[in-house]
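The structure under discussion appears below in the form of structure tokens.
The values are calculated or read from the model by the stated rules, or taken from the named source; none is laboratory data. Just so you know, these numbers come straight off a predicted model, no measurement behind them. So basically every Cβ, Gly included, is an ideal-geometry build from the backbone, and we count neighbours across all protein chains shown.
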Amino acid sequence: MKHLLILLSFTLIIAGCKKEADKPVDTKDLYATDTTEIKAVPLENQNELFYINYKLEKGKEYNYRLTNIAENSQTVNANDTLLTQKVKQTLTYLIKLKVLDIDVDSIYEVAFNITSVKLEADANGQKFYYESSTSKDSMDRVRYSEYVSVLNNPFNVRVSKIGEVVEIYKADRIINEFVKLKGVADSISAAEKDYLKKDMIERALKPLVVQVFRQLPDKIMSKDSLWTNPQEPTKLMVFQVQNTSTYKVKSLELFNNDKIAVIDAGLKTNISGNNKVTERGAMYVFNKPVTFAEGKIYFNLTKGCIQKSKTNSRIQISYSMEVPTPKGLEKGKKSENVVNTNILELL
């Protein structure tokens, strides 16, 4: 189950604000992800010059819904036996951001609060379901501790006006709740706890933050302007992967009296490394991964934040193996296809 929950990334979403007089929030509609494009009207002047900057207001709250749809299919062929596995999960998080402070260098201090989460998953026909507002069973709290621990345990982010994430901190309450749910609060060492916190920030919280705060160019822009953001090199199987995000301003549009920059997003990938590995007499031959990514970002120039984004990525990996056994040389193949969709919406 743990593999299922961290299939691609720990994606988070926030439930909306409370209604007047602290009435319970009806989260049913807030979980209803809108997969369509924003219906906006193109501006007459498409040659206008502008900056794409975050312009957050101190003390103001921003509510987002983030939906992650992940699909993973694997096929293993060994000894004339074919095994297949298919997993699909949809995670919807409701996130409340509050701008705590803005320093002289235009660095925003923002509190992230995940107020609600819903999980629906199917692993080879086995169904999984969790909804934070309705699932109160103690076993569910343990089973879905990765999500329970972040609920209403705000953490802070320092981010620049161009979306550069400077620091993610104050995640101690999340870790304390997590180790408590896992039943290791009294046995885990301070060093282990610190490592766990750093790991959760990097692998779980940061992927959420960078959906809301995308790094933007610090220069004047116009229609058809281009820019790129190189990512940190990563390792995939035996290969070194260097990804570079690409962006292009497609058009300027008007949405609910707000000026919107419509941005096309893509990805360039450079993959290198030796594709053959021998280990304990077994020979592995890895095929170079096939990657693809595209998306669209609607940046609200009037409000100074992302109005909506939808990005899709796909990666295909495969390899073959030859393993010597007392009965002779055994051969096998494995292939895996991972599709990931993220939809961010300002509520």
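Numerical summary
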| item | result |
| --- | --- |
| Failed condition for Ile162, given (1) under 25 Å from Tyr195 (Cα atoms); (2) among the hydrophobic types (A, V, I, L, M, F, W, C); (3) at pLDDT 95 or above | (1) |
| Counted residues, the range 43-75 - those being assigned to a strand (DSSP E or B) and either modelled with pLDDT under 95 or among the polar types (S, T, N, Q) (or both) | 7 |
| Out of Val212, Val184, sole residue that is under 28 Å from Ser116 (Cβ atoms), of a type in the set (Val, Ile, Thr) and modelled with pLDDT under 95 | Val184 |
| Hey, Ile271 in contact with a strand residue (DSSP E or B) (Cβ under 8 Å, 6 or more places away or on another chain), buried (at least 19 other Cβ atoms within 10 Å of the Cβ) and among the aliphatic types (A, V, I, L, M) or not | no |
| Candidates Glu167, Glu192 - the one that is under 29 Å from Cys305 (Cβ atoms) and without any contact (Cβ under 8 Å) to a residue 12 or more places away in the chain | Glu167 |
| Count of residues meeting criterion [crowded, with 17+ Cβ neighbours inside 10 Å and not aromatic (Phe, Trp, Tyr)] in the range 166-187 | 7 |
| Positions within the range 292-318 being of a type outside the set (Gly, Ala, Ser), under 20 Å from Glu71 (Cα atoms) and buried (at least 18 other Cβ atoms within 10 Å of the Cβ), in sequence order | Lys310, Thr311, Ile315, Ile317 |
| Among (1) over 30 Å from the mean Cα position of the chain (by Cα); (2) over 30 Å from Lys276 (Cα atoms) - the single one Ser309 does not satisfy | (1) |
| Strands (runs of 3 or more DSSP E) within the range 231-347 that include 3 or more residues in contact with a Gly (Cβ under 6 Å, 6 or more places away or on another chain) | 239-255, 305-325 |
| Counted residues, the range 188-205 - those being surrounded by 13 or more Cβ atoms within 10 Å (Cβ to Cβ) and not charged (D, E, K, R) | 6 |
| Residue that is farthest from Leu205 (Cα to Cα), among those in the range 80-106 that are touching a strand residue (DSSP E or B) at 6+ places or on another chain (Cβ under 6 Å) and among the polar types (S, T, N, Q) | Thr84 |
| In the range 261-276, the residues that are within 19 Å of the chain's Cα centre (by Cα) and among the basic types (Lys, Arg) | Lys268 |
| Within the range 126-144, considering residues that are under 20 Å from Gly183 (Cβ atoms) and aromatic (Phe, Trp, Tyr), the one surrounded by the fewest Cβ atoms within 10 Å (Cβ to Cβ) | Tyr130 |
| Residue count for the range 144-170, restricted to those that are over 30 Å from Trp227 (Cα atoms) and in contact with a Pro (Cβ under 9 Å, 6 or more places away or on another chain) | 1 |
| Flag for Ala123 being hydrophobic (A, V, I, L, M, F, W, C) and within 17 Å of Leu208 (Cβ to Cβ) | no |
| Qualifying positions in the range 216-230 - of a type in the set (A, V, I, L, M), surrounded by 16 or more Cβ atoms within 10 Å (Cβ to Cβ) and assigned to a strand (DSSP E or B) | Met221 |
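Yes or no, residue by residue, for (1) aliphatic (A, V, I, L, M); (2) farther than 14 Å from Ile315 by Cα; (3) without any contact (Cβ under 8 Å) to a residue 24 or more places away in the chain:
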position	(1), (2), (3)
Lys259	no, yes, no
Lys268	no, no, no
Val277	yes, yes, no
Arg280	no, yes, yes
Val290	yes, no, no
Ala293	yes, no, no
